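The structure under discussion appears below in the form of structure tokens.
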Amino acid sequence: MRWLLKRGWMYAAMVAVSAFALFPVYWVVITSLKPRSEIYTRTPDLWPSDPQWDQYPRVLGEGHVGRALLNSLIVASGTMVICLLVSAGAAYVLARYRVRITRILLILVLMTQMFPLVVLVIPLFVTMRKAGLLGTYWSLIITYLAFSVPLAIWVMRGFVLSIPEELEHAARIDGATRIGAMWRVVLPLAAPGLAVTAVLSFLEGWKEFLLALTFINDEDRKTVPLVLQSFVGRGDTDWGAVMATSVLYTLPVAIVFVLARKHLMTARTAGAVKG
Amino acid sequence: MSIRIDAVSKAYKNGPVAVDEVSLEVADGEFMVLVGPSGCGKSTLLKLIAGIEEVTSGSIHIGGRDVTLLDPRKRDIAMVFQSYALYPHLSVRQNLGFGLKLRKTSKAEIAQRVDDVARILGLEEMLERKPGELSGGQRQRVAMGRAIVREPQAFLMDEPLSNLDAKLRVSMRAQLSRLHERLGVTTVYVTHDQVEAMTLGQRVAVLRGGVLQQCDTPEQLFDHPANLFVAAFIGSPAMNLVEAHGENGTARFGSCQVPSAFDGPFILGVRPHDLKLGPGIPAVVQVVERLGTETHVVAGIDAPRLRSAALTDAVDAAASGDEVLLADEDRASFTVVLDARAPVAVGDQIELTVDPDRLHGFDVESGKALPMSSVDPAARDRWGSPAPAGDAR
């Protein structure tokens, strides 16, 4: 009884928070399984009377969601890989070479974060058109990098700073070049930082809508958010398609991140130096 | 391989000169210890030899090869860090084999050499563990093993024992000595602990403020310190120092006097082991420390306390500040090492005697050692005082 009083409220709070976070997901999933007649009801049903999977083949077929998922994957992974390479290198340099310009660079790097996206859309459109990149994956990847790299540099720099410099000295004396020491010692130890950076930059490319809408016209290059938007009509919205696409769009990524987190988030510097 | 350091300096931008024109030669197979208080530049000097830091001026040769501008990896040296700096994401086996792998040694040979070193250091049981799962002493051995397995031209060690507890440190010290005898690899060893320096070093280089004070065998450092700093820094308990004035074969300090050949104002130094009970300097016992094998006595004498930068530096570094804290602020005190069962107690009035040949003299201005000269036998007779040189110890 005392245990219940002591711990009970904590579990109650946990249940409440989980319900708050999971209910929208649950709602999306069950709505995607409802027949059209049950989507539009006066009193919402918490469980479809007759779960149907036919929305999925439909959106993947007619809706070109398969192609859109591939496009999103290409753009998001491209952003992620390049962001990791650039930010890891930049963060290392900004962490290890402490000259006066470092501080200025760190501030400058954040400048891009200060503009509202809407202000930048038109100039970026003009730039991309002049560069002949409009409608390509690169137009999106390059723009997403401009927004994800600065934050990634800050995150990674923090992780690099937490790795004792002596480990690098040891590696260099052991026969590694400076880059070799970074590759073999610093990056493996900064794995949690790389994971955070990977997730953030991947999501930057995965979720973005406004720029994709501006840059991409070609049906074959559309990312998932654009396809989702195409289901929303002026008079009629195809909620079944929206929900089924949303499930395909979010759940696989979420599951991958949850699995990866387990492997990457543990601290790895234990035992490096005294203590 | 021998290491030659030629007029090496290291200055940081907007900072002090960490190493100032140090020249040093370490012979092939020699165990050289760099010792000094913290901030004296000994660790920086080691990093310069390793190539982790770049020299501002001067040159470094290892085995006759100019390595001044070479990358650390091309210098073929191994370093043991104070913090051990083990790679936490690699197992002990991978830690040991890391350098060999980078040097493209064959897998079979890496395995062979790692196993050999693991056997020497008793690490066989823990080869598959990660550094985080090891005790301090075990990590220390892995760090040592990582250096040995490479079979480098020279070992550089930066206070490798300072993170161990006192007992382990003593046994590790002995094992280090044996290891050096067995491998015969040139070693440069940095420590702030003068006992470690004296017991391990074939030669010891004393640094202060980036400047090399003296480099010699432990015996020479102890018996013939080049200056006040070395005198105060080397030896435990530390040398007793007092400002004195010499005239006609007699040195006076406060109301005390001893026979001595030094003339004019000078700083008189006498090792605690060279003082004995007997007629001479009157003193009052302030502290008695019975260590079992011997007794340390701190006794106040009637003379003003010596104040000198060199002295405070050395005393701080030697961390034997106890006596200083306990003594009267402006009166000098002498530390004396007596027999285990010497009949003294706190508050006793005693008299201390010293063999004049074992007195040290230093210049008041420069702190440099004055040439040792024998005391005129006539002067000694006048004092009716103590034992001939042979019995002094």
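Over the protein assembly as shown, what is the percentage of antiparallel beta bridges among all DSSP beta bridges, to the nearest 5?
Working: 60 of 78 bridges.
Roughly 75 percent of the DSSP beta bridges within the protein assembly as shown come out antiparallel.
The GNM of chain B, with springs linking C-alpha atoms under 10 angstrom apart, assigns the highest mean-square fluctuation among B:Ala244, B:Ala50, B:Ala27 to B:Ala27. Binned at 5 Å from 0, what are the whole-percent values of the Cα-Cα distance distribution for the range B:3-222, short to long? With a bin width of 5 Å, the distribution comes to 1, 7, 15, 19, 20, 16, 12, 7, 3, 0, 0.
Between B:Gly292, B:Gly58, B:Gly278, find the one with the highest GNM mean-square fluctuation for chain B; connect C-alpha pairs within less than 10 Å. Per the Cα network of chain B with a 10 Å cutoff, B:Gly292 tops the list.
Highest GNM mean-square fluctuation among A:Gly193, A:Gly132, A:Gly240, for chain A modelled with Cα contacts below 10 Å: A:Gly132. The share of Cα pairs per 5 Å bin across the range B:55-152, counted from zero up to the longest distance, runs 2, 13, 23, 21, 16, 11, 8, 5, 1, 0 percent. Put in order of Cβ neighbour count within 10 Å, fewest first, the listed residues B:Lys104, B:Lys368 become B:Lys104, B:Lys368.
With an 8 Å Cα cut-off and a minimum separation of 6 or more residues, compute the relative contact order for chain B in percent. In percent, rounded to a whole number, it is 16.
The alpha carbons of the range A:1-52 occupy a box of 50, 19, 17 Å along the principal axes, longest dimension given first.
Whole-Hz Karplus values for the range B:76-82 come out as 6, 10, 10, 10, 10, 8, 4 Hz, taken residue by residue from phi with 6.51 cos²θ - 1.76 cosθ + 1.60 and θ = phi - 60°; glycine and proline positions read x. Between the helical axis of B:166-183 and the longest alpha-carbon principal axis of chain B there is an angle of about 60 degrees.
Fewest neighbouring Cβ atoms within 10 Å first, the residues B:His89, B:His61 line up as B:His61, B:His89. Each Lys or Arg adds one and each Asp or Glu subtracts one; over the other residues with Cβ under 14 Å from the Cβ of A:His169, this totals 0. Looking at the range B:3-222 alone, DSSP beta bridges between its own residues are antiparallel in about 50 percent of cases. What does DSSP give for chain B in terms of the percent of beta bridges that are antiparallel, rounded to the nearest 5? Counting only bridges with both partners in chain B, antiparallel ones make up about 75 percent.
Using a/c under 1.5 as the rounded threshold, could you call chain A rounded, prolate or oblate? The axes a ≥ b ≥ c are square roots of the C-alpha gyration tensor eigenvalues, and prolate needs a/b larger than b/c, oblate otherwise. The partial results should precede the final answer.
On the way: a/c = 2.49, a/b = 1.38, b/c = 1.81.
Here chain A falls in the oblate category.
Normalising the Debye intensity of the protein assembly as shown to I(0), with uniform scatterers on Cα atoms only, and taking log10 at q = 0.08, 0.09 Å⁻¹ returns -0.81, -0.91. Each Cα pair under 8 Å and six or more residues apart adds its sequence gap; the mean of these over the residue count of the range B:3-222 is a relative contact order of 31 percent. Ellipticity at 222 nm from helices only: DSSP H runs of n ≥ 4 in chain B, each -39500 (n - 2.57), divided by the residue count, give -8000 deg cm²/dmol.
Please arrange A:Arg2, B:Arg75 by counting, for each residue, the other beta carbons lying within 10 Å of its beta carbon, fewest first. Please list the in-between numbers first.
Details: A:Arg2 7, B:Arg75 23.
Arranged by neighbour count, lowest to highest, A:Arg2, B:Arg75 become A:Arg2, B:Arg75.
Relative contact order, whole percent, for the range A:177-266 stands at 33, derived from Cα pairs under 8 Å and 6 or more residues apart.
Under the convention that each Lys and Arg Cβ holds +1 and each Asp and Glu Cβ holds -1, the size of the dipole of the protein assembly as shown around its Cα centre is about 3320 debye. Between B:Ile3, B:Pro218, B:Leu168, the Cα set farthest toward the positive side of the dipole of the range B:3-222 (charges on each charged residue's Cβ, about the Cα centre) is that of B:Leu168.
Every number here is computed from the coordinates shown, using simple stated rules; none is lab data. Because the structure is a prediction, the values reported are computed rather than measured. Cβ: placed from backbone, ideal geometry, glycine included. Neighbour counts: every protein chain shown.
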